[in-house]
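Worksheet: the structure to be examined is printed underneath.
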Amino acid sequence: MKLFRTFSSLLTLILTGCIGNMNPTGGNSAPNYPYFITTEPVVVKKITVPKGTKLVYEERMFLEGKQDKMMSEQRLIEIEFPAGQTINWGGVPITSINKFFNSEMRGYTVYAKFDELSENKKTKFSELWQNCSNDLGITIKNTDDWSFNKQNIADVNDCSVLYQRYFKDDEKQQAYLNEIYAALLKVDLK
């Protein structure tokens with residue numbers, strides 16, 4: 001009986017410790033994704049990124065944190081430009097690009113820094129984008145190209161949580177996303 005109580009107490013402590021620390025994302029802290037900081041300008045996903053760009057990759061067994069070399073672009077999930085630096089994406093300065101979390105979706109989200117967009121550079125596209133948010137979800141045909149390549153951009157999937165293709169029956173949301181996509185296709189970067 002004493003052995004049973006000891007075993008029960010031990011089991012209770014173990015379960016209480018596990019349940020008390022449960023996190024719906026699978027751990028008590030964010031994953032330490034492998035990443036690489038570029039040491040010179042380099043082309044990634046058909047985008048020339050500046051020195052100091054952080055390239056974040058999918059979780060891999062035995063690989064965490066800072067890496068000594070770039071990994072396969074197929075595993076890339078985020079491009080984060082150095083603090084204070086942006087690149088031009090569709091005429092809009094952006095700070096980062098994140099691959100969609102849902103692996104069944106082909107695309108990424110671009111994050112704008114509209115306070116760096118001068119008045120004389122604004123377009124219908126940038127104004128529509130800015131009106132709903134700083135993040136814009138883009139679906140693409142070729143996942144190897146995250147550049148502003150209008151032939152590769154299949155659609156505008158979302159603009160923050162306000163407008164999403166997911167809500168197909170909401171005509172207002174669909175119309176706004178259609179308008180942004182049409183304006184995106186008219187952007188002339190010459």
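The values are calculated or read from the model by the stated rules, or taken from the named source; none is laboratory data. Since we're looking at a predicted model, the values are computed, not measured. Here the Cβ positions follow ideal geometry from the backbone for every residue, glycine too, while neighbour counts run over all protein chains shown. Quick note on the areas: whole protein, heavy atoms, side chains included, nothing else; ligands and nucleic acids left out. Shrake-Rupley method; radii C 1.70, N 1.55, O 1.52, S 1.80 Å.
In this structure, is SER147 at pLDDT 95 or above, in a helix (DSSP H, G or I), polar (S, T, N, Q) and open to solvent by less than 60 Å² (accessible area, probe 1.4 Å)?
no
Please find, within the stretch 83-100, the residue that is most open to solvent (accessible area, probe 1.4 Å) out of those that are within 14 Å of the chain's Cα centre (by Cα) and over 20 Å from ARG60 (Cα atoms).
Out of the qualifying residues, it is THR95.
Would you check if ASP115 is buried (at least 16 other Cβ atoms within 10 Å of the Cβ) and either closer than 17 Å to GLU73 by Cα or charged (D, E, K, R) (or both)?
Working: buried (at least 16 other Cβ atoms within 10 Å of the Cβ): no; either closer than 17 Å to GLU73 by Cα or charged (D, E, K, R) (or both): yes.
No; evaluated as a whole, the condition is false for this residue.
Just for the stretch 156-190: of the residues that are in contact with a strand residue (DSSP E or B) (Cβ under 7 Å, 6 or more places away or on another chain) and either open to solvent by 40 Å² or more (accessible area, probe 1.4 Å) or without any contact (Cβ under 8 Å) to a residue 12 or more places away in the chain (or both), which one is farthest from ILE87 (Cα to Cα)?
That would be GLN173.
Which residues, counting only those in the stretch 40-82, are among the polar types (S, T, N, Q), open to solvent by 20 Å² or more (accessible area, probe 1.4 Å) and either farther than 24 Å from GLN151 by Cβ or part of a loop (DSSP other than H, G, I, E, B) (or both)? Can you show your working first?
Start the filter on the stretch 40-82 by keeping residues that are among the polar types (S, T, N, Q), which leaves 48, 53, 67, 72, 74.
Applying the additional criterion that residues be open to solvent by 20 Å² or more (accessible area, probe 1.4 Å) yields 48, 67, 72, 74.
Answer for the stretch 40-82, where residues must be among the polar types (S, T, N, Q), open to solvent by 20 Å² or more (accessible area, probe 1.4 Å) and either farther than 24 Å from GLN151 by Cβ or part of a loop (DSSP other than H, G, I, E, B) (or both): GLN67, SER72.
Is it fair to say THR25 is at pLDDT below 95, open to solvent by less than 100 Å² (accessible area, probe 1.4 Å) and farther than 22 Å from THR143 by Cα?
Working: at pLDDT below 95: yes; open to solvent by less than 100 Å² (accessible area, probe 1.4 Å): no; farther than 22 Å from THR143 by Cα: yes.
When the stated conditions are applied, THR25 does not pass them.
How many residues does the stretch 118-133 hold that are open to solvent by 70 Å² or more (accessible area, probe 1.4 Å) and in a loop (DSSP other than H, G, I, E, B)?
Within the stretch 118-133, residues that are open to solvent by 70 Å² or more (accessible area, probe 1.4 Å) and in a loop (DSSP other than H, G, I, E, B) number 0.
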